[in-house]
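Working notes, structure below.
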Amino acid sequence: MNLKISALEFVQQVQNGNISAEDFVAKTLERIQSIDDKLHAFLFVNEKAIDQARDIDKKIKSGSKVGACFGMPISIKDNMCIKDSKTTCASKMLENFVAPYDATVITKLKEQDAVFVGKVNLDEFAMGLTTEFSAFGSSKNPWNTEYVPGGSSGGSAVSVSAFECVASLGSDTGGSVRNPASFCSVVGYKPTYGLISRYGLISYSNSIEQIGPLTRTVKDTAFMLNIISGLDPNDNTTIDNKNEDYLSGIDSGIEGKKIGIIQEMVGEGTDPTVLSATKDAISKLENLGATCEDVSLDMVKYSVAAYYTITATEAGSNLARYDNLRYGYDFSVEGYEFNSYIAKARRNFGPEVKRRMIIGGFVPSAGHAGKYFLKAIKVKSKLTREINEAFKKFDLLIAPTVPILPFKIGEKINDPVSLFLIDINTVTANLTGKPSISVPFTISNGLPIGIQLLADSMNDKLLLQAAYALEQTITLQEVPI
Amino acid sequence: MVTEEQIEHVSKLMKIDIDDHKEYVDKVQAMIDYFDVLDSADVESEEISMQEITISNLREDKYVPFNEKLIDKLNNYKGTYVRAPKMS
């Protein structure tokens, strides 16, 4: 059986009776078992997955109504709640936490007969961009296992890239879907802020994070978006997309569209190979009838500092709930005073989380708030104004997803600022709430390069059409694992 | 300049028990130094934009039955109460 098919091909083949969901899920689990020791994408595998797929096959055979996923095997980043499943956030703090309810995205996928094959790795509480900060060990890039897969949704990207599932859900706070998608040569999508409910996503930085799909093709991303987007009474930041069909008209092309090349994202610090790939992508888009011109977003220079200031502050607040009393690991309260117990219990946070909590306590504190937090909020506001102005002139914006190629595991782990700067091209979409996609574009010396496109808020459909057009211009190598 | 005393103070505020505050000084200092780039951003006159969410978007405030005993999922509880250490 060929596992190397897209989500839509899977649906078609199950619908046509060419394959059964049970066989496909069983083969997928066999593949996970045979290769995941090398990749460490999965934290847990769902042992009931085959039974669930078999039940869906029975529904198909009996002529009952079947959901749009037809038993499609999907992996889920382990910071989203699946009822009665462990949800660890790759943290020792939540090592044994079993979620008592489903995240809205999970409810929606269950209603459409998706099968969750397992929970996948991330940087602890999604704080990182390599998965090296997972308390359960780093994932490996399937293109070269000595290299990082990107993060924080590294497990999601690895599992899709290495054919351990058909699609995955990640979360993107500053590029955490797009960065690993670029590093592992898959499609990664960060929707307009509010398009997908965050209910049941364990909070890191509520004002900017979004759940997003990682898939093999742009069409698959549109398919997933059709299922998981829309209003949710449990998340009042969600917006009404009027049940937009993102798949219809995806092949509309981009003739006549104006695309701005963000100058601050293709300048100093961009690897020449990445720059060359970006120029190649621009040429291809021009050949399809788009017009590409330079555009400047001055605030991009300050965006990474603003991003880390805001996210650390929100994280400091969000992580305050981990007192080990309402949920946590087995650590007796006997003999402790209240505050010292909490502080002692929170030793189970990893070093990066502790660092960000310290930053999160430092930058909004009296005497520092004006210098850091207030300025960061102002940068966010001005950057939003700048990008809104740009979208008056351009339909889309383009830049490399990540300014550098994937790097070796351990290479940058002790240099937080050099890690920060890898986010320079992705944080703008988060700070401004705009939708953004990473499209796998080329492989250089065995390492993938992705191209990022951005659109104005609620222009997700146009963005997917452009990404699809770009995707059609390329033929990529198959992952060597 | 980030000092060991500051790290100790903030870690106490954030309720994180850290053995070696010195270990955090260099990395936190490097992060804070990088954030100083914000000083050169021309944003003095910038107004902060807020996202308004109307009250009509809030879900109905009603009791939703939950069939399981959530208290059973805790490590430390007594009867129907969360068991916490004494406050000094």
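Read-outs: derived from the displayed coordinates by stated rules, not from any lab. Computed from a prediction, not measured in an experiment: that's the story for all the values here. Here the Cβ positions follow ideal geometry from the backbone for every residue, glycine too, while neighbour counts run over all protein chains shown.
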If every alpha-carbon in the range A:320-375 counts as one equal scatterer, what log10 I(q)/I(0) does Debye give at q = 0.15, 0.22 1/Å?
-0.55, -0.86
Which lysines, if any, have their Cα less than 21 Å from the Cα of B:Lys86, not counting same-chain residues under 8 positions apart?
A:Lys344, B:Lys12, B:Lys15, B:Lys78
Place a point 7 Å from the Cα of B:Arg59 along the Cα-to-Cβ direction; which residues of the range A:75-108 have their backbone N under 16 Å from it?
A:81-83, A:100-108
Taking the Cα centre of the protein assembly as shown as the origin and placing charges on Cβ (Lys, Arg +1; Asp, Glu -1), which of A:Gly269, B:Ile71, A:Gly128 is farthest toward the positive end of the dipole?
B:Ile71
Total charge of the residues flanking A:Val160 in space, meaning their Cβ is under 12 Å from its Cβ, with Lys and Arg +1 and Asp and Glu -1, is +1
Starting with the fewest neighbours, write out A:Lys190, A:Lys119, B:Lys27 ranked by other beta-carbon atoms found within 10 Å of each beta-carbon.
B:Lys27, A:Lys119, A:Lys190
Based on Cβ point charges of +1 for Lys and Arg and -1 for Asp and Glu, what charge dipole magnitude is obtained for the protein assembly as shown about its Cα centre, in debye rounded to the nearest 20?
1200
Using the structure shown, select from A:Lys301/A:Lys408; A:Lys190/A:Lys392; A:Lys219/A:Lys242; A:Lys378/A:Lys434; A:Lys38/A:Lys408 the pairs with a Cα to Cα distance greater than 24 angstrom.
A:Lys301/A:Lys408
Would you calculate the convex hull of the Cα atoms in chain A and tell me its volume per residue in Å³?
139
Among the DSSP beta bridges whose two residues both lie in the range A:77-235, what percent are antiparallel, rounded to the nearest 5?
95
Starting from the 7 Å offset along Cα-to-Cβ, what nm value, one decimal, do you get for the label separation of B:Ser49 and B:His9?
3.6
With the charge dipole of the protein assembly as shown built from beta-carbon charges (+1 for Lys and Arg, -1 for Asp and Glu) about the Cα centre, the Cα from A:Asn445, A:Leu94, A:Leu421 projecting farthest to the positive end belongs to A:Leu94
Positive-end residue, chain A charge dipole about Cα centroid, Cβ charges, pick of A:Met72, A:Gly170, A:Ile19
A:Gly170
Stretchable slack from A:Gln12 to A:Lys258, in nm (0.36 nm times residue separation minus alpha-carbon distance)
85.1 nm
